[in-house]
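The values are calculated or read from the model by the stated rules, or taken from the named source; none is laboratory data. Just so it is clear, the structure is predicted and the values come from calculations on it, not from any experiment. Don't worry about glycine lacking a Cβ; one is built from the backbone with ideal geometry, like all the others, and counts go over all protein chains shown. The area values use the complete protein model at the heavy-atom level, side chains included, leaving out ligands, DNA and RNA. Shrake-Rupley method; radii C 1.70, N 1.55, O 1.52, S 1.80 Å.
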Amino acid sequence: KLHLTRALEIARKIGNKHVEAGSLLELVELLFEYADNMEEALMQIEESLRICREITDRALKARCLAYLGYYYNWKGEFKRAKENFNEVLTLTEEMDDNPRKMWALLLSGMVHAGEGEYNDAISTLQRCLQLSRDWGIVFFVPRALNVLGWIYHDLGDIELAIKYNNEGLKITRTHQESMGIGGVQPACLVNLGMDYLHKNDYGNAKKYFQEANSLIHLHPMAKWRFETRILLGLGEISLAEGDYAQALKF
């Protein structure tokens, strides 16, 4: 953060608008990763977007809009989130920017799923998955599989949920930290814990929750996204096993 803040100061001093907008977005990413101050992040996104429009930088503008979509999804303002991701998709089509297009598809799928629009979510994520495989960009494959696993769990198709989550987990284990895939591993593990908890298979559920818990400290965003789900799952297992004191503690 210290270096990014310094870069921002220098960019403003010398009037380099591209570096100023980019530095603001890198600071936003830090705020998102640690869930530090999301309202501060919003102000920085909006400032970066204003600069991008001023200098007509479509690539940085697409990043700004993606972060805005992420922010509004986090707030549960799904309509605004989708509007921003749709604009990102339009820009990425114009620029032929495949990686950012897949980010927009992945995040759009998450928004649809969060709003309960499961058919739209599945079709969007399957498109992301297919494009990722066609273009050989492994980064997005386990992420799309993970969200599909969450959706099918919500729909009550636990076997299909386990299939997608296991497939995503296998890819994260194969590639480990390459291309940033390691950060999605706790998500797959938590999903599998929830799947096996649903099946009353407490042994497997506990195994996956405990492994996820051992990894979340390595990935700041994983900690705030998944720790409560892990604790809840372990609490339900303790309750089922008759350990009421431990269940209450979790």
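Assuming 0.36 nm per residue, please report the length gained on full extension of the stretch E33 to N16 beyond their Cα-Cα distance.
Working: separation 17, 0.36 × 17 = 6.12 nm, distance 2.62 nm.
Using 0.36 nm per residue and subtracting the Cα-Cα distance, I get 3.5 nm.
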Pop out the carbon and sulfur fraction of the accessible area of the chain as a percent, whole number, probe 1.4 Å.
52 percent
Computed lengthening from V138 to H3, 0.36 nm per intervening residue step minus Cα-Cα distance:
45.6 nm
Cα pair distances in the range 3-56, grouped into 10 Å bins until the bin that holds the longest one, percent each:
28, 54, 18, 0
Quick calc of log₁₀ I(q)/I(0), the chain, Debye, one scatterer on every Cα, no solvent, q values 0.12 1/Å, result -0.75
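Please find the FRET efficiency linking I55 to N119, where r is the Cβ-Cβ separation and R0 is fixed at 51 Å, and quote it to the nearest 0.05. Numbers along the way, then the final one.
Numbers: r = 40 Å, r/R0 = 0.77.
Plugging the Cβ-Cβ distance into 1/(1 + (r/R0)^6) gives 0.80.
Within a Cβ distance under 13 Å of D134, other residues only, what is the Lys/Arg minus Asp/Glu net charge? Let's see the in-between values first.
Numbers: positive: K101, R127, R133; negative: none.
Once positives and negatives cancel, what remains is +3.
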Computed over the chain, protein heavy atoms only, probe 1.4 angstrom, the accessible area per residue in square angstrom equals 49 Å²
